[in-house]
Amino acid sequence: MSSSASLLDGLTDQQRDAVTTSADPLCIIAGAGSGKTRVLTRRIAWHATEGSIDPRRVLALTFTRRAAAELRGRTRRLGLREDVAAGTFHAAALAILRRFWDSTGRTHPALVERRMSFLAKDHPRIERSTIADLDAEIGWARARLITPEAYGDAAAAAKRRPPRSADFVAKAYTAYQAKKHERRMIDFDDVLALCHSTMQRETAFADAQRWRHRHLFVDEFQDVNPLQFAVLQSMLGPESSLVVVGDPDQAIYGWNGAEPDFLNRIDDHLPGIALVHLRTNFRSTPEILAAAGRVLGKDPQPSSRFRGDSPTLTACELDDEAATIALAVRRRHKPGAPWRHQAVLARTNAQLPALRNALEAAGIPTRSRGEGALLRRPEIIDLLDRWPKSGGLSAALTDHATAEGPALDPERAAMVTAFVDIARDHLVLEPDASVDEFVTALRHDDRIGTAGDAVELATFHSAKGLEWPIVHIAGLEDGMVPIAFARTRAARDEEQRLLYVAVTRAQSELHATWCTERTVGDRVLGRPPSPWLEAFVNPDDSAPTETPPLHQLRELLDDSPDIDLADVTTPIVTSLEAWRERAANAARVAPTAVLSDDALRSIAERRPASIDELAEVPGVGAGKARRFGPRLLEISTQSD
C-alpha cells in the first residue's frame, strides 16, 4: 500500500484538508472540475493507511456502474489490498436484501428489470410513447415516496404533465403495484423500499449490515432522492462514519426525483455535519469559468489553468445552425488531432439527428451519447408501426403529413419531426426507397456512428461527468434553454444549472450558437434568445465611446413618454447606449438582451458607485453587476 505521505502528493491545500480531516460526518462540496473523485479515493486510501478506517468495511455508493468501477479501479491503483465495495444505491440495496432472504430461507422474488416492458405487456393497446411517459410518472412518484392515492394532488402541486390525465396515471400505478404483488415480482424502486423497511424492522440483521459496511461514502450527493436518502439513513448506525461529496450547482435530476435540498440544507438532514469546500477548477480556462459563473449569476470558480480564448457566440439564421457548427468543428480540427477532442452539446435528444447529419455530410465522424438508439425510442416505434414495412417511404411520409397522430409531449414530438426530416433526406438519395430499406440504412448509419475517433454528440444531461478540450453548445434560445415546459421556479433553476453543467464540460474552447429564426412546418418563426445568452457576451470595453443613433435614443422614450428628451440624452445615457450597442454587436443580439432600456435609465438616474449598488438597480441584478460592473460604474460616475 502507498504510504500516507505519498497519498497527499500533488494535492492542493483544500484537497489535502478534505482527504485528511477527521471530521465525521463530513460533506465535501466539490465544484465542477475540482477533482472530487481523486479526493474521494485518496481519502479512502489515506484513512485506510492511517488505520482510522478498515477498507473491508467501506461501502461507496454511486449513481452509475461506470462510476463505481472507476472508484474501485482507482483505490486498487492506490495500493489497497482489499477491493473496496462500491456500487449503485440499487445494487447495494439488492445485495442487502439477498443476504436477508438467504439468512431466512426465503425465495428471492423475480426482478422487473424494465418497468416500461412490464407496463407495455399489461397495456397492449396504448402507444409506446404514452407507456414511456407513464413509466416516468410512476418512477417520479416512487422516488418521492408518493402512493397512487396521493399521486393526483402531488402531481398538481409539482405542475407535472401526466400522460392523458392524473387519474389515468393513478389507476395504472395502482394496477401495476397489484400485478407485481400478485406475480411475486419487485422492481428497482421496490428494492430500495424493501431494503429500507427490512433495515427498520429486522433489528439484529440491520445491526450486522451496519457493522459490515460501517464506513459509507456517497458520490454525487446532489442527485439523491428521498427514497435513496431514507435507505442511506437506515444504513447508518452508532459506529458508522459518513462522507458525502456533491455540488449543488450540478443538481440536474429533479425531474427524476432527486432533491438538491438534501445538499443545500444538509445540516438540517444530517445535523452536525462538517463542510469542506473544493473550489479550484483544474479542467477549464478562466474565460470558460467566467462564462459559467455568469450563467449562474455567481462568482466564477478559480482556475488552475493559464488564460485562453474567450467563448464565442454566433447567431444563425433560419436553419443553418447545424451547418455552421459543422464548419466550426472542421476548422478547429487541427492536423493530427483526434476528432474526439470536440463535442457538440444540445438540450434535447431531438436536436441531435440534424446535427449529426450536418457533421457527417461534412465528412466528420460522429458518435451519439444522448441520442440513444433512435429506432428503439417509443415514439419512433409507434410511428414505424403505422408505416407499411414493404410500402414506399414516400407514400408513408405523405400519409404521415395528412394523418392525425397521437398527442405527444414537446420533446417527443420534436423527435418525431427530426426522424421525419431524416426520412425525407433519405428520399433525396433513394427516391424509390421502401420503409424497410430506409430502416435498414438507418441501422447501418447507427453502426457507423459508433466510430472510435469521432466528435461526440450529447445532450446536456448525458454530458454530465465528461469533458472535452473543445465544446460547441447549440440552440441557446428561449423555449430550448430553458426548455419550454420548465414552468416552475424550481424547474427553471434546474435548467440554469443544466446549462452550467454544459459550459463546464469545456477545457480550452467554448463556442455557442443560437438561431434568430427557425422553420416550423411551413412557417418561419422568430426565436427569442435564451435569457442566459449574455453569459457568452464578451464586450470590448476598450473601444472608443460613440454616440448612438438617434432612433435608439427615441426607443428609450417608448415606455416612458413623460421623460424629457434633454434628460435622456445626457452624456451618461449616451455612453451607456454606446457601450450596450458594442456589447450587443459582439454577441449578435439585440441591445436589450444585454441590458433593458429601463435598466439603462435607472443607472443614469441612480448613479450607482459600487457593485452592490449596481446590483440593486432594477433590471441589473447581481449577475450582470458582476459581469459588466467595472465599465458601467466607470460610466455611472463620470461627470455630465
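The values are calculated or read from the model by the stated rules, or taken from the named source; none is laboratory data. None of these values were measured; they are calculated from a predicted model. Neighbour counts run over all protein chains shown; Cβ positions are idealised from the backbone, glycine included. Surface areas here come from the heavy atoms of the whole protein model, side chains and all, with no ligands, DNA or RNA. Shrake-Rupley method; radii C 1.70, N 1.55, O 1.52, S 1.80 Å.
Taking the Cα centre of the chain as origin, sum charge times position over the Cβ atoms of Lys and Arg (+1) and Asp and Glu (-1), and report the length of that vector in debye to the nearest 20.
That gives the chain a dipole magnitude of about 2940 debye.
Within segment 51-118, report the trypsin sites (Lys or Arg not before Pro) that DSSP leaves as loop and that have at most 15 other Cβ atoms within 10 Å.
Arg81, Arg106, Arg114
Given a Förster distance of 41 angstrom, what is the FRET efficiency for Asp122 paired with Glu634, based on the Cβ-Cβ distance and rounded to 0.05?
0.05
Within the chain, which is the longest segment containing none of the GluC sites (Glu not before Pro) that sit in a DSSP loop and have at most 16 other Cβ atoms within 10 Å?
Answer - 114-201.
For Ala622 and Asp17, calculate 0.36 nm times their separation in residues minus their Cα-Cα distance, and state this gained length in nm to one decimal.
That pair, Ala622 and Asp17, stretches by 214.7 nm at full extension.
Heavy atoms only, probe 1.4 Å: what % of the accessible area of segment 122-228 goes to carbon and sulfur, would you let me know?
Working: 2550 of 4950 Å².
C and S fraction of accessible area: 51 percent.
If I take the Cα coordinates of segment 42-185 and project them onto the principal axes, what are the three extents in Å, biggest first?
58, 39, 25
What FRET efficiency comes out for the pair Phe168/Arg330, r = Cβ-Cβ distance, R0 = 56 Å, nearest 0.05?
About 0.70, to the nearest 0.05.
Within the chain, how many lysine pairs that are 8 or more places apart, or on different chains, have C-alpha atoms less than 18 Å apart?
Total qualifying Lys-Lys pairs in the chain comes to 7.
Please give the contour-minus-distance gain from Arg98 to Arg424: 0.36 nm per residue of separation, less the Cα-Cα distance, rounded to one decimal in nm.
The span from Arg98 to Arg424 would gain 112.2 nm if fully extended.
Please compute the modelled spin-label separation between His181 and Glu437, points set 7 Å along Cα→Cβ, answer in nm with one decimal.
Calculated label separation equals 5.5 nm.
Quick one: pull the percentage of alpha-carbon pairs in segment 208-262 with a separation above 20 Å. Before the final figure, lay out the partial values.
On the way: 408 of 1485 pairs.
Result for the distance tail: 27 percent.
With a probe of 1.4 Å, find how much accessible area the chain has per residue, and write the answer as a whole number in Å².
Here the per-residue accessible area is 46 Å².
Fully extended, how many nm does the chain gain between Ala208 and Ala110 (0.36 nm per residue separation, minus their Cα-Cα distance)?
Residue separation times 0.36 nm, minus the Cα-Cα distance, leaves 32.7 nm.
Give the relative contact order (percent, whole number) for segment 37-181; include only Cα pairs under 8 Å separated by 6+ residues.
Values: 110 pairs, mean separation 20.7, N = 145.
Relative contact order comes out at 14 percent.
Taking +1 at the Cβ of each Lys and Arg and -1 at the Cβ of each Asp and Glu, which of Phe262, Leu383, Ala418 sits farthest along the dipole of the chain towards its positive end, judged by Cα position relative to the Cα centre?
Going by the charge dipole, the pick is Phe262.
Along the charge dipole of segment 96-150, Cβ charges K/R +1 and D/E -1, which of Ile126, His108, Ala143 sits furthest on the positive end?
Highest projection toward the positive end goes to His108.
Each label point is 7 Å from the Cα along the Cα-to-Cβ direction; what then is the distance between the points at Asp9 and Ile381, in nm?
Roughly 5.2 nm, to one decimal.
Return the ratio Rg/(2.2 N^0.38 Å) for segment 183-303, where Rg is computed over Cα atoms only.
In units of the 2.2 N^0.38 Å rule of thumb, it is 1.32.
Over the chain, calculate the relative contact order: mean separation of alpha carbon pairs under 8 Å at least 6 apart, over the residue count, as a percent.
14 percent
Take the Cα pairs of segment 226-296, get the Kirkwood Rh, then feed it into Stokes-Einstein at 37 °C and 0.692 mPa s and tell me D in µm²/s.
Diffusion coefficient, whole number: 223 µm²/s.
Roughly how many Å is it from the Cα centre of segment 241-277 to that of segment 287-366, as a whole number?
31 Å
Using only the alpha carbons of segment 240-341, what is the convex hull's orientation-averaged projected area in square nanometres?
Over every viewing direction, the Cα hull of segment 240-341 projects on average to 11.1 nm².
Shape call for the chain from the C-alpha gyration tensor, a ≥ b ≥ c root eigenvalues: rounded (a/c under 1.5), prolate (a/b greater than b/c) or oblate?
It is oblate, given that a/c is not under 1.5 and a/b is not larger than b/c.
Identify the trypsin sites (Lys or Arg not before Pro) of segment 156-209 meeting these criteria: DSSP loop state and at most 14 other C-beta atoms within 10 Å of the C-beta.
Answer in residue order: Lys159, Arg164, Arg183, Arg184.
If R0 is 30 Å, what FRET efficiency do you get for Arg77 and His277 from their C-beta distance, rounded to 0.05?
Efficiency for this residue pair is about 0.65.
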